[in-house]
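Participant: Got a structure for you, questions after.
The values are calculated or read from the model by the stated rules, or taken from the named source; none is laboratory data. These numbers were taken from a predicted model, which means no experiment stands behind them. Every residue, glycine among them, receives a Cβ derived from its backbone with ideal geometry; neighbour counts consider all protein chains shown. Accessible surface areas use protein heavy atoms only, side chains included; no ligands, DNA or RNA. Shrake-Rupley method; radii C 1.70, N 1.55, O 1.52, S 1.80 Å.
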Amino acid sequence: MADLTEPGWELIVHVDVDDNDTGTNENGFGDGMECTMFNGNFNAWSLSCVKNKLYVGIQSLGGARVLYTPNGSSEDGNWFYSVGGDSLHPNGFDGALNEGASSQLEETVYQNIAVNIFPFDDYLYAGLTCIYMPDFGATEEYLAGSQIWKTSDGISWVQVTDDGFDDTSVLNFEAFAAFNDTLYVAGSRAANTVGGGLGGAKIFRLVQ
């Protein structure tokens with residue numbers, strides 16, 4: 001992670017961020033140089049600012065996670081887990097594994113592998129990306145529909161849907177937008193670049 005300052009870009013999460021090798025300001029938010037797509041904070045997938053905190057959604061086959069910082073400092077002790085790690089919620093938000101992919105890849109693969117975060121009103125919303133890669137063993141047997149969660153405090157998350165709004169072929173909630181004081185989200189039936197797809201996308205809106 002980097003922060004744009006007046007002199008230029010400053011690394012705030014990096015292997016050489018300070019003189020020690022501990023803390024969530026180190027490479028992979030503390031996961032170190034051995035971090036891989038299977039076991040660590042592999043990819044900063046989405047970013048959002050809400051209530052004076054910066055949140056980052058993590059993509060990892062070891063389960064989607066969310067971290068936050070109250071100040072964006074590069075010093076030790078300034079990043080905290082909101083999902084995964086030592087938070088109240090397990091990796092992947094619900095801890096569910098995709099046993100088919102885990103067996104074929106001979107690694108522990110979670111069902112929810114990425115998170116798209118977006119603030120609206122007093123909540124931070126999280127749309128999850130499910131794994132669906134038949135070539136890697138993640139077959140329709142494990143399709144249950146993507147999930148959306150929300151939090152008002154960045155600590156406790158409440159599930160909005162656990163089945164793609166009654167459509168188990170919705171694999172990802174990957175794009176949020178606010179328009180005319182209404183929240184919209186895209187429900188995609190496509191997998192990622194190494195997978196397949198199950199049909200066309202849907203658009204949902206929050207009715208209050």
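Participant: Given the Cα atoms of region 107-203, and with Rh set as the inverse mean 1/r over their pairs in the Kirkwood sense, what is Rg to Rh to two decimals?
Facilitator: 0.99
Participant: While we're here: 7 Å from Cα along Cα→Cβ at both residue 201 and residue 88: what's the point-to-point distance in nm?
Facilitator: Roughly 3.2 nm, to one decimal.
Participant: Students often check this: by mean Cβ neighbours within 10 Å, which of 5-18, 78-91, 24-37 ranks highest, and how do the rest follow?
Facilitator: 78-91, 24-37, 5-18
Participant: For residue 18 and residue 140, calculate 0.36 nm times their separation in residues minus their Cα-Cα distance, and state this gained length in nm to one decimal.
Facilitator: 39.3 nm
Participant: So what's the net charge close to residue 161: Lys and Arg +1, Asp and Glu -1, counting the other residues with Cβ under 11 Å from its Cβ?
Facilitator: Residues near residue 161 contribute -3 overall.
Participant: Using alpha-carbon pairs under 8 Å, 6+ residues apart, how would you state the relative contact order of the chain in percent?
Facilitator: 12
Participant: Tell me, what HN-Hα J-couplings in whole Hz come from the Karplus equation 6.51 cos²θ - 1.76 cosθ + 1.60 at θ = phi - 60° for each residue of region 37-49, using x for Gly and Pro?
Facilitator: Those phi angles translate into 5, 9, 10, x, 7, 7, 9, 6, 8, 8, 10, 7, 10 Hz.
Participant: If you don't mind, there's one more thing I want to ask. May I ask you to compute the full-extension gain from residue 3 to residue 75, defined as 0.36 nm times their residue separation minus their alpha-carbon distance, rounded to one decimal in nm?
Facilitator: Gain in length upon complete extension: 24.6 nm.
Participant: Let me ask you something else. Looking at 164, 134, 92, which one has the Cα that reaches farthest to the positive end of the dipole of region 75-208 (charges on Cβ: Lys, Arg +1; Asp, Glu -1)?
Facilitator: 164
Participant: Points 7 angstrom from Cα along the Cβ direction at residue 11 and residue 121: gap in nanometres?
Facilitator: That separation, rounded to one decimal, is 4.2 nm.
Participant: Here's a follow-up. Suppose each label sits 7 Å from its Cα in the direction of the beta carbon; what would the residue 168-residue 33 distance come out to in nanometres?
Facilitator: 4.5
Participant: For the chain, what percent of Cα pairs sit more than 22 Å apart?
Facilitator: 49
Participant: With a 1.4 Å probe and every protein chain kept in, tell me what percent of the accessible surface of the chain is carbon plus sulfur.
Facilitator: On the way: 5060 of 10360 Å².
It is 49 percent, rounded to a whole number.
Participant: Once amide H atoms are built 1.01 Å from N in the peptide plane, which residues 5 or more positions from residue 160, or in another chain, come under 5 Å H to H?
Facilitator: The list, which skips near neighbours in sequence, is 148, 149, 150.
Participant: Taking Cα pairs under 8 Å and at least six residues apart, what relative contact order does region 1-112 come out at, in percent? Each step should come with its number before you reach the end.
Facilitator: Working: 236 pairs, mean separation 20.4, N = 112.
Relative CO of region 1-112 lands at 18 percent.
Participant: Here is a further query. Please list, in order along region 87-104, the HN-Hα scalar couplings obtained from phi with the Karplus expression 6.51 cos²θ - 1.76 cosθ + 1.60 (θ = phi - 60°), rounded to whole Hz, x for Gly and Pro.
Facilitator: So the J values, rounded to whole Hz, are 7, 6, 10, x, 3, x, 6, 10, x, 6, 9, 9, 5, x, 5, 4, 5, 6.
Participant: To continue, here is another question. Would you mind calculating the gained length between residue 190 and residue 103 on full extension (0.36 nm times residue separation, minus the Cα-Cα distance), in nm to one decimal?
Facilitator: Taking 0.36 nm per residue and subtracting the Cα distance, the gain is 29.1 nm.
Participant: Could you give the size of the charge dipole of region 1-57 about its Cα centre, using +1 on the Cβ of each K and R and -1 on the Cβ of each D and E, expressed in debye and rounded to the nearest 20? Show your work: numbers first, answer last.
Facilitator: Numbers: 2 positive and 10 negative charges, 99 e Å.
Dipole magnitude for region 1-57 comes out near 480 debye.
Participant: Over the Cα atoms of region 2-110, Rg to Rh with Kirkwood Rh, two decimal places?
Facilitator: Numbers: Rg = 14.6 Å, Rh = 14.5 Å.
Radius of gyration relative to Kirkwood radius: 1.01.
Participant: What list of ³J(HN,Hα) values in whole Hz, one per residue of region 145-152 in order, does the Karplus curve 6.51 cos²θ - 1.76 cosθ + 1.60 (θ = phi - 60°) give from phi, with Gly and Pro shown as x?
Facilitator: Values, residue by residue: x, 6, 10, 10, 10, 9, 9, 9 Hz.
Participant: Lys/Arg Cβ at +1, Asp/Glu Cβ at -1, dipole of the chain taken about the Cα centre: which of 37, 144, 201 is farthest positive-ward?
Facilitator: Farthest towards the positive end: 201.
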